[in-house]
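Below you'll find the structure, written out as structure tokens, and then a few comments.
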Amino acid sequence: MKTHFIAIGGSAMHNLAIALKDKGYQVTGSDDAIFEPSKSRLEKKGIMPQEMGWFPEKITPDIDAVILGMHAHQDNPELARAKELGLKIYSYPEFLYEQSKNKTRVVIAGSHGKTTITSMILHVLNFHQKDVDFMVGAQLEGFDCMVKLTQDNDFMVLEGDEYLSSPIDLRSKFLLYQPNIALMSGIAWDHINVFKTFDDYIDQFRKFVASITPGGVLVYNEEDAEVVKVVENAENYFRKIPYKTPEYEINNGKVYLKTEMGDVPLSVFGAHNLLNMEGARHICQQLGIMDEDFYEAIMSFKGASKRLEKVEREDKGTLYKDFAHAPSKVKAAVKAFAEQFKNDKKYGFLELHTYSSLNPAFLEQYDHAMDGLEEAIVFYSEDALKIKRMEPISPEFIKEKFKNEKLRVFTNAEDLHAYWNTLDKTNGVYLMMSSGNFGGLDLTK
């Protein structure tokens, strides 16, 4: 089968391209910019475009499938050529469904926690050598590629994202998967550039629940009021399995899960991670993994990439980085950090750089998000606001919305880096929250 990727360099798209190459497909692609690690990984597989840009002549009648990434625009010249030739054009999730429509599809959804839960499930299955197809959004230890597609596997585990499918398919990605087994971890308003009201956002999850196949299974977080409302109001037939935060204790900085089989030592911390773990346990039960085997495997789970991930520093200082940028994720990460390091001076850095996080109307969602830290720092770039054509935001406005008078606010990278360099990283513990890089800050030094 011959496939062509428009915007092959994306984090999800390049993984799918590699998975198809490994499956024996003929793969080509284009993009206007490709960065690491996508670049090296595509080069290793021999499918890195020779030059950057869009080339309509690459779109030929013998292509079986064109896969369109979100990074491309509606007026993309390769897309126009594909339409002109009448080729089959898939969004990323649409193509994943096509590859898994004869399998049992397990879809993990939620505003937060879905990447970690998916990673936990895959870690346990991999530990017990249970082979499944999968797609997950973060790099996971022990896995070369974060998409796997085979002819023979019976199950496919999919991280279900509520964002748009492609520039020409404005449905939420997870609405295309039609899960047999699903999980919903939580609902907290996000992507406000697309979902203008909270109800519009919640409606995507209503539709997701409605898309569960008849007689399917939904594992859901009973501690989340919005999730419970969606589940209780669902009109289709499926089996409902609620979960909640399990009992645990912290001894000498180590987290222990309280189970019927005794105390299980863990390599991760934070109540939200243990809640995620409980959801993963219920999904693994559906896949034939007994509790004893689950606990045996989960002890060695060290976390998904950039989810409370410890950074090895040259000075041996204690520093964790987290992908947290949405308010609910920031609050969960800070709470976990404060609980884990009760007796240490805690520094928390948050970078605001997504459209939602820089929207004045949305900033109210961050109220008290940085409480529990001795030093709380927020960084956003005035240049980023200009690029996004957004109105300026004052540091005073940020402090007001965070309801934290002690908050330090930096608006340019040079000042932030200067402050960073004054800190003794061996004195205290550091939590760095961003889906960016704090203006190029090296966290290892």
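Any read-out appearing in this document is the output of simple, stated calculations on the displayed coordinates, not a laboratory observation. Treat the numbers as computed from the prediction; the structure is a model and nothing was measured. As a convention, Cβ positions derive from the backbone with ideal geometry for all residues, glycine included, and neighbour counts pool all protein chains shown.
General remarks:
- The HN-Hα couplings worked out from phi for the stretch 395-407 by the Karplus form 6.51 cos²θ - 1.76 cosθ + 1.60 (θ = phi - 60°) are x, 5, 5, 4, 4, 5, 6, 7, 6, 9, 5, 7, 4 Hz, whole numbers, x standing for Gly and Pro.
- Three-way shape call for the stretch 256-382 based on the alpha-carbon gyration tensor, with the a/c threshold at 1.5: prolate
- Gain on full stretching of the segment that runs from Ser435 to Glu314 - 0.36 nm per residue minus C-alpha separation: 41.3 nm
- Under Karplus coefficients 6.51, -1.76 and 1.60, residue-wise ³J(HN,Hα) of the stretch 192-205 in Hz, glycine/proline x: 5, 5, 9, 9, 5, 10, 4, 5, 4, 5, 4, 4, 5, 6
- Take 66-72, 137-143 and order them by the average number of nearby Cβ atoms within 10 Å per residue, most first; the result is 66-72, 137-143.
- Relative contact order (percent, whole number), the chain, Cα cutoff 8 Å, 6+ residue spacing: 12 percent
- Using the Cβ-Cβ distance between Asn252 and Lys83 with R0 = 35 Å, the FRET efficiency computed as 1/(1 + (r/R0)^6) comes to roughly 0.05.
- Inter-label distance for Glu141 and Asn236, nm, one decimal - labels placed 7 Å from Cα along Cα-to-Cβ: 3.7 nm
- Counted by neighbouring Cβ atoms within 10 Å, the residues Glu260, Glu351 run from fewest to most as Glu260, Glu351.
- The label point for Glu296 and the one for Lys335, both projected 7 Å from the Cα toward the Cβ, are 3.3 nm apart.
- Within straight-line cross-link reach of Lys388, lysines at Cα separation under 20 Å, skipping those fewer than 8 residues along the same chain: Lys196
- Partners of Lys83 within straight-line reach, counting lysines whose Cα lies under 27 Å from its Cα and excluding those fewer than 8 residues away in the same chain: Lys2, Lys21, Lys23, Lys58, Lys101, Lys173.
- Projecting label points 7 angstrom from Cα along Cα→Cβ for Phe397 and Lys58 puts them 4.0 nm apart.
- As a proxy for reagent exposure, Tyr355, Tyr177, Tyr366 were ordered by neighbouring Cβ count within 10 angstrom, fewest first; the result is Tyr355, Tyr366, Tyr177.
- J(HN,Hα) series, the stretch 135-150, from Karplus relation 6.51 cos²θ - 1.76 cosθ + 1.60, nearest Hz, glycine and proline x: 8, 9, x, 10, 5, 10, 4, x, 10, 7, 10, 8, 9, 9, 9, 10
- Rounded to the nearest 500, the 222 nm mean residue ellipticity of the chain from helices alone is -9000 deg cm²/dmol, with -39,500 (n - 2.57) taken per DSSP H run of at least 4 residues.
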